[in-house]
Amino acid sequence: MDCIFCKINNGEIPSEKVYEDNDVFIIRDIDPKADKHYLMIPKRHYKLISEMTEEDGAALMRGLKKIPGLADQLGLKNGYRLVINQGDDAGQSVFHLHVHILGGQALDFPDLRKK
Ligand code: AMP
């Protein structure tokens, strides 16, 4: 499958996994948008929340619940933001669902409306 995150998961593209279990893995984003920027990526390939099965949802939730226990080692002890971009308006660029984990600094929460 021509999916960059599947290729990272199966080792075709080298990348340091900072965390991995049966459900998900976490890598550093190659183009960070905050001092700390990771991606939590489910191992099973699907593009969108609309394609998630019940088990995909449960697997992702199990992954998300690992984040508090990893926060210290990931440099996120003061908090973090989770973002899932879906579709064109959100600028989704990799069509394998993933959760951005942003932190390591105080994060603006800008008004995104065009004025
Ligand atoms: P999105 O725009 O929400 O689909 O996010 C895709 C993210 O994947 C972007 O923040 C990219 O910087 C990141 N990305 C793309 N290729 C890689 C890679 N090989 N290793 C780590 N992050 C990547």
Return the total of residues in the stretch 89-115 being more than 11 Å from the ligand (Cβ to nearest atom) and either farther than 27 Å from G57 by Cβ or open to solvent by 30 Å² or more (accessible area, probe 1.4 Å) (or both). 13
Residue in the stretch 77-93 that is more than 18 Å from C6 (Cβ to Cβ) and part of a helix (DSSP H, G or I) present: no
Restricting to the stretch 1-39, and then to whatever is open to solvent by less than 80 Å² (accessible area, probe 1.4 Å) and assigned to a helix (DSSP H, G or I), can you tell me which residue is nearest to the ligand (Cβ to nearest atom)? I8
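The values are calculated or read from the model by the stated rules, or taken from the named source; none is laboratory data. Because the structure is a prediction, the values reported are computed rather than measured. Cβ coordinates were reconstructed from backbone atoms using ideal geometry, including for glycine residues, and neighbour counts include every protein chain displayed. Just so you know, the surface numbers come from the protein's heavy atoms only, side chains and all, with ligands and any DNA or RNA stripped out. Shrake-Rupley method; radii C 1.70, N 1.55, O 1.52, S 1.80 Å.
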